[in-house]
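The values are calculated or read from the model by the stated rules, or taken from the named source; none is laboratory data. Because the structure is predicted, anything quoted here is derived from the model rather than measured. Neighbour counts run over all protein chains shown; Cβ positions are idealised from the backbone, glycine included. Areas reflect the complete protein model, heavy atoms only, side chains present, ligands, DNA and RNA absent. Shrake-Rupley method; radii C 1.70, N 1.55, O 1.52, S 1.80 Å.
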Amino acid sequence: MQRLARNGGTAGLLRWLAGRADGWAGIARSDGTLLSASGAAPSGPLTAPADVPDVPRLIAEGVRALTERGALAYSHDTGAHTVLLFPLPGPPGPPGPHDPREPREPHAEDRGAAPLLAVVTPRPVAAGLATLLADVLMPLSLCREAEAVERKRRRVDLAESRGREAVLHLLMTGQLSIAQQVAGALRPRLPDPVRVCVVECPGDSRDEVARVCAEADGGRSWIVRCPVYARHLILVSPDGGTATDEAVAALVDRCVVGVSERVPLADTATGYRQAFHALAVAREVPGRHVRFGAAPEPALVVGHAGRKWAEALLTPLLTHVPRRAQDPGSQELVATAASWLAFSSHATDHLKVHRNTLAARLRLIGELLDLDLHRLADQAALDLALRIRATPAPVCTPDPGPASAHTGGQRDGGAAPGHANGAAHDLDEVLRRPAVQEWALRQLAPVAGAAEETLRTWLRCEGRLGPTAAELGISVPGARKRLTRLETVLQRSLLRPPSARYDLWLALRARETAAAEATS
């Protein structure tokens, strides 16, 4: 009995009791509702023995008899069987709200209901069975109380995890003040500036790795379980602190770590992309730990012309007013676009929406902006515009002179996307800026020859492996292997979102516009 109480809990004790009684054992409320049963599956229905009629009524009658007579136990013969009832000591405890992501617990009971141990055994009752049942009451009650505490602890952990996830979501969408207000109820305080660290954990060890991370830096990092990738932890760490990322890579076997540059807290989304790109490289190096190399964001070098282009492109989205109160507003659509561009189909996990809801929002976004979001060119333009909008104007590289612009960008072939209403500056004009050209050269400097041809083909095929392999005349695994090698060369993630495909498309487009201008 003591061994089962330690290792098997309530379920183990009930199964053991059913075997000793050669019948059935369960826990019921005073109204006859079954809470636990010896033969029930963990998430299956709770049923009484088929050959014992109306067990809820018998239990209710037994409760009344116990109350009226002041008895400590009750037995009732039902023909071939005897029903034995014993009240369990201790408070029942409320069940609390049910989490739909967890299996429903069949033994959760309402506040104030007195639980009873119910046993159905063949007649005549075996000698010593009543004494055995009286002895098991205390271990069984303690098991139930311990399980109730554990359920409450899981709910508290889940609530804290969701709170941290919400704060990260607010940071990723640029809502810094709201994020800091929500984070004020949790610990630690959000640091500023930060380094973002993405830890890829082996197997199902994410909780254990989170504990190691917290111990490695004394609880100074903001640790969030990634809502998109089940094996990832995201750490928002104070810059200049202990090398938590290196310690985790050294302490946890098969753990892979990518770390961003030093970024302001408001640029957490940029830091996350950098850390994710570093993670793609870290998988291929012996130390399993890589820090993101210095590379400016394209939003920092587009200047005034780029800001005007982004503003004109996004205005229909930012000024959108939904027709119905339940329809998504402009802020929700902007968050949807940013999440989808970063995580592709995994945005449903990030935003906690159904895939049909995501598809409907993307259709609306495409209609508002006059963009075809199935095209990589339009995706890259929207991604750049959103990143420009999220970048404070003073940190952008200023224009050396008045910004030149023309409207009505071409939409056919490989041309950069423009806006159909003619109000947006042509993206090609932005990409001709000297600072953008320098940025593009740095992005493409590591690739040449066959590697560049693979990259061009992959981008021309909208980032899809099958068409890329067909155009290159190789197998899909062969194309994947080439792109994996490119990830190491470029130090960017290509195959898994957030992907560097948008930056690379923009860099290639910038180089093409410069070459076309030189030959014209």
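List of remarks:
- Of everything listed in (1) out of contact with any helix residue (DSSP H, G or I) (no Cβ under 9 Å at 6 or more places or on another chain); (2) within 21 Å of Gly258 (Cβ to Cβ); (3) of a type in the set (A, V, I, L, M), the single unmet condition for Leu495 is (1).
- Within segment 125-169, the set of residues being more than 33 Å from the chain's Cα centre (by Cα) and without any contact (Cβ under 8 Å) to a residue 24 or more places away in the chain comprises Ala127, Gly128, Thr131.
- Considering segment 414-452, and only residues there that are touching a Lys or Arg at 6+ places or on another chain (Cβ under 7 Å) and at pLDDT below 90, the residue that is most open to solvent (accessible area, probe 1.4 Å) turns out to be His425.
- Conditions (1) in a loop (DSSP other than H, G, I, E, B); (2) open to solvent by 30 Å² or more (accessible area, probe 1.4 Å); number of the one not met by Leu371: (2)
- Taken over segment 282-311, residues that are within 22 Å of Glu246 (Cα to Cα), assigned to a helix (DSSP H, G or I) and touching a Ser or Thr at 6+ places or on another chain (Cβ under 6 Å) amount to 0.
- Residue match in segment 380-388 (condition: open to solvent by 40 Å² or more (accessible area, probe 1.4 Å) and charged (D, E, K, R)): no
- Scanning segment 466-485 for residues that are aliphatic (A, V, I, L, M) and under 25 Å from Ala299 (Cα atoms) turns up nothing.
- Residues of segment 232-245 satisfying the condition of being buried (at least 16 other Cβ atoms within 10 Å of the Cβ) and of a type in the set (D, E, K, R): Asp245
- Of the set (1) at pLDDT 90 or above; (2) open to solvent by 10 Å² or more (accessible area, probe 1.4 Å), all apply to Pro227 but (1).
- Members of segment 261-281 found to be outside any helix (DSSP H, G or I) and either open to solvent by 20 Å² or more (accessible area, probe 1.4 Å) or within 14 Å of Tyr229 (Cβ to Cβ) (or both), listed by number: Glu261, Arg262, Pro264
- Note on segment 297-346: residues that are crowded, with 20+ Cβ neighbours inside 10 Å, farther than 20 Å from Thr268 by Cβ and within 21 Å of the chain's Cα centre (by Cα) amount to 1.
- Residue selected from segment 2-32 under the condition part of a loop (DSSP other than H, G, I, E, B) and open to solvent by 60 Å² or more (accessible area, probe 1.4 Å), by the criterion nearest to Glu145 (Cα to Cα): Asp31
- Test: residue in segment 322-329 that is of a type in the set (S, T, N, Q) and either part of a loop (DSSP other than H, G, I, E, B) or modelled with pLDDT of 95 or more (or both): yes
- Among the residues of segment 453-510, those that are in a helix (DSSP H, G or I), surrounded by fewer than 18 Cβ atoms within 10 Å (Cβ to Cβ) and hydroxyl-bearing (Ser, Thr, Tyr) comprise Thr457, Thr484, Thr488.
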